[in-house]
Amino acid sequence: MRRRTGLAVAGAAALVWGEWVNWRWSRALVGNSEGASAAVVVLGYRNSRTTVNLVNRWRVRAGIRSISADGGHGTRVIFSGGTTGSGATEARLMADYAKSVLAFEGPVLLEDRSTTTWENITNVIPLLENVDRIKIVSQPAHALKARAYLRRQRPDLAARLVRADDYRPGEWIVVKPLLALYGLWTLRGLRADERRLAP
């Protein structure tokens, strides 16, 4: 009985920790920039098949709900990701999913050359020059890494970063502790001033 109770407490603690870490990352390196125009950048994830994978489907949904979070007027969606195995690019697969499955009718731009997060940011920069607010959508640790990369490459654009709707309490709750552990590993290379944002 004690062992079962101990496991239950440990499991609950892991879930709470996973929620807290992801919540904290979702709010790091963002500000309160205002303005009429916005861009939502949706980052692709290892789509080697000819159909959009589970992670990318979720990211597209999170990207679209990030538009409606503040009214969506003048917002463009940028799908970013190159070819990782099939003929179609991640950007194209995500855009097709947004239009055909989610019936999204807003403005869409494709960045279809990137194969790394650093390249995602480098290649979307020309598409961000004329917007007032920038949202980067992915799992919280990955989005934080992308925001840190934008801050390194273009601090002026990073000043326009605002929070996306890619974190919600209870969403992916069972895997959030694993995402948190993976996030700690992937964020280890950030500079000292960015590293302090990691728990």
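The values are calculated or read from the model by the stated rules, or taken from the named source; none is laboratory data. What you see is a predicted model; the values in this text were computed from it and never measured. Counting neighbours? That spans all protein chains shown, and the Cβs are built from the backbone with ideal geometry, glycine included. Side chains are part of the model used for accessible areas, which takes the heavy atoms of the whole protein and leaves out ligands, DNA and RNA. Shrake-Rupley method; radii C 1.70, N 1.55, O 1.52, S 1.80 Å.
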Conditions (1) in a helix (DSSP H, G or I); (2) surrounded by 16 or more Cβ atoms within 10 Å (Cβ to Cβ); (3) at pLDDT 90 or above: number failed by Leu179
(3)
Does Ala12 satisfy the condition of being without any contact (Cβ under 8 Å) to a residue 60 or more places away in the chain, surrounded by fewer than 12 Cβ atoms within 10 Å (Cβ to Cβ) and farther than 16 Å from Val137 by Cα?
yes
Go through segment 115-145 and count every residue that is in a helix (DSSP H, G or I), within 16 Å of Arg24 (Cβ to Cβ) and open to solvent by less than 20 Å² (accessible area, probe 1.4 Å).
4
With the first residue restricted to segment 32-59 and required to be within 21 Å of Val162 (Cβ to Cβ) and open to solvent by less than 20 Å² (accessible area, probe 1.4 Å), and the second required to be among the aliphatic types (A, V, I, L, M) and in a loop (DSSP other than H, G, I, E, B), Cβ contacts under 8 Å at 6 or more apart or on different chains are Ala38/Val131; Ala38/Val162; Ala39/Val131; Val40/Ala164
Looking at segment 16-31, which of its residues are open to solvent by 40 Å² or more (accessible area, probe 1.4 Å) and in contact (Cβ under 8 Å) with a residue 12 or more places away in the chain?
Trp17, Trp20, Trp23, Arg24, Arg27, Val30
Could you please let me know if Val124 is under 12 Å from Val42 (Cα atoms) and not acidic (Asp, Glu)?
yes
Please go through segment 52-78 and give me each residue that is under 13 Å from Ile134 (Cα atoms), touching a Phe, Trp or Tyr at 6+ places or on another chain (Cβ under 9 Å) and at pLDDT 95 or above, ordered by number.
Gly63, Val77
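What do you reckon, is Arg168 open to solvent by 50 Å² or more (accessible area, probe 1.4 Å) and touching a residue at least 12 places away in the same chain (Cβ under 8 Å)?
Considered against the rule, which asks whether it is open to solvent by 50 Å² or more (accessible area, probe 1.4 Å) and touching a residue at least 12 places away in the same chain (Cβ under 8 Å), Arg168 comes out as no.
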